[in-house]
Amino acid sequence: RFISSVPGTVVTTFEFSAAAERARMIYPNGRVLDFTVDAQDRLREIRDGATVLSRYDYTGRAMSKRAFSNGLTLEVSRDALFRATTWKHTQGATVRCGFAHAYDELDRKKYSHRLHDNLADVYRHDGLGQLTGVKTGVPGADISPTKQYTDYPTFASERQYVFDKAGNRETVSSDGLL
């Protein structure tokens, strides 16, 4: 095949394994990253020479942990329906950024609990699955997967969405103001 070059540009090269997995990445400055996979063809490590930059662990088919060489770790928990219920970046015992989620019986998100500041956003949906309300700044100590939207009287702000019978959004109110 014909390969052209443009003066003044640089190229990052990718090499692939026989299974069409990315095996190596070569930067214009000569830096080489190697990618290794496990028996199920899932990414296992990214290396820069002998240095492991990141390592991956799996539970079933999904990544459950990614550990970086700088000590930062990402851990992901999933429920039986494969939905992420916890997504947490930690460095040592410190949560740098993290979220916990719960879902209702129709697979709609009930809340998103920010583990790094211990506050949450709680969601309300109508029968069509449309978002009709969001309470932000709910104290994390109040969050429970068994609670409903109306069970959260303490929050920083609230947005409500009103739809017509055809499902078109008619109004949005913030803290009771249109």
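The values are calculated or read from the model by the stated rules, or taken from the named source; none is laboratory data. Only a predicted model underlies this, so the values are computations on that prediction, with no experimental measurement involved. For neighbour counting, all protein chains shown are included, and Cβ atoms are generated from backbone atoms with ideal geometry for every residue, glycine included. We work out accessible area using only protein heavy atoms, side chains counted, and drop any ligands, DNA or RNA first. Shrake-Rupley method; radii C 1.70, N 1.55, O 1.52, S 1.80 Å.
In this structure, does ALA39 turn out to be among the small types (Gly, Ala, Ser), open to solvent by 70 Å² or more (accessible area, probe 1.4 Å) and closer than 27 Å to TYR111 by Cα? Here the answer is no, as ALA39 does not meet what is asked.
One line per residue, one yes/no per condition, for (1) open to solvent by 40 Å² or more (accessible area, probe 1.4 Å); (2) at pLDDT below 95; (3) closer than 23 Å to THR59 by Cβ:
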residue	(1), (2), (3)
ALA84	no, yes, yes
ALA120	no, no, no
VAL134	no, no, no
TYR152	no, no, no
LEU177	yes, yes, no
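Residue-level check: of (1) closer than 24 Å to TYR152 by Cα; (2) touching a strand residue (DSSP E or B) at 6+ places or on another chain (Cβ under 9 Å), ASP107 misses just (2).
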